Amino acid sequence: MDDLVHSALTRQRKRAAAKVRSRASGEDAKKSAAKQSPVKKSSAKPKLAALTAAAIRRPSREEAEAAVATLLAWAGDDPNREGLRDTPARVARAYEEIFAGYRQDPASILDTVFEDVSGYGEMVLVRDIPFFSHCEHHMAPFFGKAHIAYYPDGGVFGLSKLGRLVDVYARRLQTQETMTAQILAALDARLHSRGAAVLIEAEHMCMSMRGVRKPGALTVTLQFSGPFKSDPAEQARFLSLVRDRR
Ligand SMILES: [Zn+2]
């Protein structure tokens, strides 16, 4: 790598590090203000909204592309060689798509409710909803299927909306556990659901191709509310419908 590129990258790294430090200290201040007493991290309730998106200045496209070039150099390659020259721009564009969920509002997706259902009040289940997400710990893909059931109350959601709801949360940096809880909470927040069940099964590339290296291992998470939570028979019915592959 020539000296010019090297010194430009060094300057850029220093700026990025300073930004990260100032952001981190701002976040810490907010966190400590919010916490009245020291609680264990794991007992803190997950915040369901996209809390950070509004608080953090979105870098320019140019800054994002420069950051990708830095990572390419960090990996050991030359960001200026022909094959990689347009890669930062492509990655930035790809990020706009795979992380589009930060700019979407899950509440508005469930606004479409059909009330004329002739009194239908039984379980509605949409199973095998495919999704692709990225783990927030390694930014590695995890992907699989979501299964969502709910009991309608005076109207039903458009079926495609449940798929879109999954995508809004999947197209963010996630943990599978958080995503499961967020989808359930989004349904619970609507008047037209009196209880929901969410089951997600996914393979995590951070576990398959690196780290413990266990390709094929599936992680299953599930969470219930309403009748699904209070009645084990409802849970069993949901699970058998999810597993019924006829
Ligand atoms: Zn991970």
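Taking residues in region 221-246 that are at positive phi, and partners anywhere that are crowded, with 17+ Cβ neighbours inside 10 Å and hydrophobic (A, V, I, L, M, F, W, C), the pairs with Cβ atoms closer than 8 Å and at least 6 places apart or on different chains are Gly226/Ala196.
Only one entry in Asp128, Asp153, Asp116, Asp105 is at pLDDT below 95, of a type in the set (D, E, K, R) and in contact with a strand residue (DSSP E or B) (Cβ under 9 Å, 6 or more places away or on another chain), namely Asp153.
Might you let me know whether region 195-206 holds any residue that is under 20 Å from Arg127 (Cα atoms), in the same structural domain as Pro141 (by TED's automatic domain parsing), β-branched (Val, Ile, Thr) and touching a Ser or Thr at 6+ places or on another chain (Cβ under 9 Å)? Yes, some residue in region 195-206 is under 20 Å from Arg127 (Cα atoms), in the same structural domain as Pro141 (by TED's automatic domain parsing), β-branched (Val, Ile, Thr) and touching a Ser or Thr at 6+ places or on another chain (Cβ under 9 Å). In summary, Thr178 fulfils each of the numbered conditions (1) within 14 Å of the ligand (Cβ to nearest atom); (2) crowded, with 18+ Cβ neighbours inside 10 Å; (3) of a type in the set (Val, Ile, Thr) with the single exception of condition (2). In this structure, is Glu136 in the same structural domain as Glu177 (by TED's automatic domain parsing), within 19 Å of Thr175 (Cβ to Cβ) and not aliphatic (A, V, I, L, M)? Yes. Checked against (1) within 14 Å of the ligand (Cβ to nearest atom); (2) without any contact (Cβ under 8 Å) to a residue 12 or more places away in the chain, Asp111 meets all criteria but (1).
The values are calculated or read from the model by the stated rules, or taken from the named source; none is laboratory data. Here the structure is a predicted model, which is why all the values come from computation and not from measurement. Note that each Cβ is placed from the backbone with ideal geometry, even for glycine, and that neighbours are counted across all protein chains shown.
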